[in-house]
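The next block holds one structure in the form of structure tokens; read it before the comments.
The values are calculated or read from the model by the stated rules, or taken from the named source; none is laboratory data. Predicted model, so just to flag it, every value in this text is computed and none were measured. Counting neighbours? That spans all protein chains shown, and the Cβs are built from the backbone with ideal geometry, glycine included. These area figures cover heavy atoms from the full protein model, side chains too; ligands, DNA and RNA do not enter into them. Shrake-Rupley method; radii C 1.70, N 1.55, O 1.52, S 1.80 Å.
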Amino acid sequence: QVHVVESGGGLVQPGGSLRLSCAVSGNIVKIDAMGWYRQAPGKQRDLVAGISRYGRPIYVDSVKGRFTLSKDDTENTVYLQMDSLKPEDTAVYYCNVDVWELGAMKTTDYWGQGTQVTVSS
């Protein structure tokens, strides 16, 4: 069984910063890809940033230059540093991971429970 736990959301003023964390635990052999998605009220869940095991981070255009994704493979943790936040960044942010579990023949996709980010004055 694999657990995905996000933390770090909250209320911040426009122009402020937040750092989200996503910790993955369980019977994991390795993680192939990790990413952050967000879902605003009434909208679909969209990719914000992602990274494969040996690749470079990719970002949606609206957050380029403001958000930075990083990961710690030894701790199975991925971070999303969010700077210069805007009201339109308000959403529930979800962590998504694609993992090889012990004894598995293919990867499995897991989601965290989500963490609320609200940007408002």
Percent breakdown of C-alpha pair distances by 5 Å bin, ordered from the shortest bin, for region 1-55: 4, 13, 19, 25, 21, 10, 7, 2
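Heavy-atom accessible area per residue, region 58-104, 1.4 Å probe: how many Å²? The partial results should precede the final answer.
On the way: 2270 Å² over 47 residues.
With the other protein chains kept in place, region 58-104 gives 48 Å² per residue.
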How charged is the neighbourhood of Asn96? Take every other residue with its Cβ under 12 Å from the Cβ of Asn96, and add Lys/Arg as +1 and Asp/Glu as -1. -3
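Explain nothing, just the number: dipole magnitude of the chain about its Cα centre with +1 on each Lys and Arg Cβ and -1 on each Asp and Glu Cβ, in debye rounded to the nearest 20.
Values: 12 positive and 13 negative charges, 41 e Å.
So the magnitude is around 200 debye.
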Within the chain, longest stretch clear of exposed trypsin sites (Lys or Arg not before Pro) (DSSP loop, no more than 16 other Cβ within 10 Å): 1-42
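For the chain, what relative contact order do you get, as a whole percent, if you take Cα pairs closer than 8 Å and at least 6 residues apart?
Numbers: 298 pairs, mean separation 43.7, N = 121.
Answer for the chain is 36 percent.
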Distances over 25 Å make up what percent of all Cα-Cα pairs in the chain? 21 percent
Put +1 on the Cβ of each Lys and Arg and -1 on the Cβ of each Asp and Glu in the chain; which of Pro87, Val24, Thr68 then has its Cα farthest toward the positive end of the dipole? Pro87
